[in-house]
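**Student:** Can you keep this structure in mind? I'll have questions shortly.
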Amino acid sequence: MDHHCNVAYDPRRAGPRDIRLAELLGALSHALDMTEGQPEGHCVRCCWIGVRIGAQLGMEGQALSDLYFTLLLKDLGCSSNAARICELYLADDIAFKRDFKTIDDSLAAALRFVFTRTGLKSGLSERIRAIVAILRDGGEISRELIETRCHRGADIAGRMRFPDAVKDGIRALDEHWNGRGKPAGLAGETIPRNANIALLAQVVDIFHTERGRCAALAEVRARSGTWFDPALVAAFLETQNSLDFWLELKRPDIQDRVLMMDPALSSARVDEEYLDDIAAAFADVVDAKSPFTADHSSRVTLYADMIAEEMGLAEDHRRWLRRAALLHDIGKLAVSNQILDKPGKPDADEWASIRSHPAHSRDVLGRIAAFRDIAPVAGAHHERLDGKGYPSGLKGDEICLEARILTVADVFDALSADRPYRAAMPVEKALEILEADVDAAFDGACVAALKAGLARLGTGAAVAA
């Protein structure tokens, strides 16, 4: 496949092009699947399962719509506890999250999970210290991790203009019917129904995907009255009896089917301002993954826009580029924090994983109609003019202007912010490094525009620091 971005922005093709909210978020939900270590389409399949349960219960109209978006976006906060998981369990956060979803809440299962997942690549004494700490503080650790994820997810849903029913459903995803869930220990009818349906749909999809229909049915029945409202389990058992339920769930075009459900067809049209809000919200998901990337996407967007303005790009062109800047690192959701936050030099496998993230960004954005045009730009933000960049080794005119702008903005922020392996550099030093690599890595006009933009602000050091 040709990944050149030598022709990028086209005002005739830019913009949302009459896209529905459900279509946009259904495609973006695949980024959440990556972060949770789930097979592609997990959130979409959960949406199919949960809406069928809701319809069986007689839900309709706004109530069914709120359930639909709770299911698609249930993992919005998933990136926010990744760094903490790596720190506490000395483990790959993505594999950890994937495997954790298959255990029940018995002590035996929890202990087995801790012993078989904690610190497998660490020294013995370090591993033992971690296990002892987890066994001592396990309940509080679990509550903290879930609270971080659920509250961050609800906050991001609010930024995306969703009502309280959706935010509350995301916030209470891990509450259990018997009151032994997290983070608030809600029980029975105090748990929002959308949340309990979403948890039920999650368990169904995970066990069905990994172990088949019988395993999914057995798991749901076993958790009725403990994890799940028995009335929801009864509704699920009734709806899964229909001939099409399991067949539809296995279809490769399940996303198309989910987009034909009533809540999708009646969902809002996404205008330019709403598209900006959604891009900014998903940038928050990306930046929440590591303490070293907090606000990175927002700062890169600021610098890219500053360069674009200095270079005379029109406002609609700059708006398009801002979206590419906000979402350029969405592929990092597929990379473990064990690698992203590593203070030392990455080994060969780790470096390969890091180098894959722009391709992941390109692929995720490429499947979304409203963001397809920015996918080549996001995918090229680590390319170099001399062809020594990654992931595609583009060189010279194969790299479009927008990608050149984004590259300079991204590297400038990386240099002028703290990283796991070094402290932030002074602005002047960061600019010197960029200028030293002009024509090899960076476009000289873009570097000059960044320098001019910072100088024109008059507070360049304060803004960039």
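**Student:** Out of the residues in region 406-435 that are in contact with a helix residue (DSSP H, G or I) (Cβ under 9 Å, 6 or more places away or on another chain) and among the small types (Gly, Ala, Ser), which is surrounded by the most Cβ atoms within 10 Å (Cβ to Cβ)?
**Tutor:** Residues of region 406-435 in contact with a helix residue (DSSP H, G or I) (Cβ under 9 Å, 6 or more places away or on another chain): 406-420, 424-431, 433-435.
Subset that is among the small types (Gly, Ala, Ser): 409, 414, 416-417, 424, 430.
Working: ALA409: 26, ALA414: 17, SER416: 21, ALA417: 19, ALA424: 16, ALA430: 20.
Applying the filter and picking the extreme gives ALA409.
**Student:** Turning to a different aspect of this structure: Which of the helices (runs of 4 or more DSSP H) found entirely inside region 1-91 contain at least 1 residues meeting this: modelled with pLDDT of 85 or more and of a type outside the set (Lys, Arg)? Give the steps one after another, and end with the answer.
**Tutor:** Working: elements: 21-35, 42-56, 61-72, 82-89.
Counting at least 1 such residues, we get 21-35, 42-56, 61-72.
**Student:** What is the number of the single condition among (1) surrounded by fewer than 22 Cβ atoms within 10 Å (Cβ to Cβ); (2) touching a residue at least 12 places away in the same chain (Cβ under 8 Å) that GLU315 does not meet?
**Tutor:** (2)
**Student:** Looking at region 255-280 only, could you name the residues that are aliphatic (A, V, I, L, M), surrounded by 17 or more Cβ atoms within 10 Å (Cβ to Cβ) and either touching a Phe, Trp or Tyr at 6+ places or on another chain (Cβ under 9 Å) or not in a loop (DSSP other than H, G, I, E, B) (or both)?
**Tutor:** Across region 255-280, the qualifying residues are VAL258, MET261, ALA264, LEU275, ILE278, ALA279, ALA280.
**Student:** Can you pull out every residue in region 399-442 that is of a type in the set (Gly, Ala, Ser) and outside any helix (DSSP H, G or I)? Talk me through it step by step, then tell me what you get.
**Tutor:** Kept after step one, since they are of a type in the set (Gly, Ala, Ser), are these residues of region 399-442: 403, 409, 414, 416-417, 423-424, 430, 436, 440-441.
ALA417, ALA423, ALA424, ALA440, ALA441, listed by residue number.
**Student:** Another question, then. Name every residue in region 169-193 that is surrounded by fewer than 18 Cβ atoms within 10 Å (Cβ to Cβ) and under 20 Å from SER65 (Cβ atoms), in order of residue number.
**Tutor:** At the first step, the residues of region 169-193 found to be surrounded by fewer than 18 Cβ atoms within 10 Å (Cβ to Cβ) are 178-180, 184-185, 187-190.
None; the set is empty.
**Student:** Also: Here is a check on your reading of the model: is ILE307 touching a Cys at 6+ places or on another chain (Cβ under 9 Å), among the aliphatic types (A, V, I, L, M) and under 23 Å from TYR9 (Cβ atoms)? If you could, list the steps in order and put the result at the bottom.
**Tutor:** On the way: touching a Cys at 6+ places or on another chain (Cβ under 9 Å): yes; among the aliphatic types (A, V, I, L, M): yes; under 23 Å from TYR9 (Cβ atoms): yes.
Judged against the criteria, ILE307 is a match.
**Student:** Could you grab me the full set of residues in region 373-398 that are surrounded by fewer than 18 Cβ atoms within 10 Å (Cβ to Cβ), assigned to a helix (DSSP H, G or I) and without any contact (Cβ under 8 Å) to a residue 24 or more places away in the chain?
**Tutor:** Across region 373-398, the qualifying residue is only GLY396.
The values are calculated or read from the model by the stated rules, or taken from the named source; none is laboratory data. As the structure is a prediction and not an experimental result, all values here were calculated from the model. Positions of Cβ are backbone-derived with ideal geometry, glycine not excepted, and every protein chain shown enters the neighbour counts.
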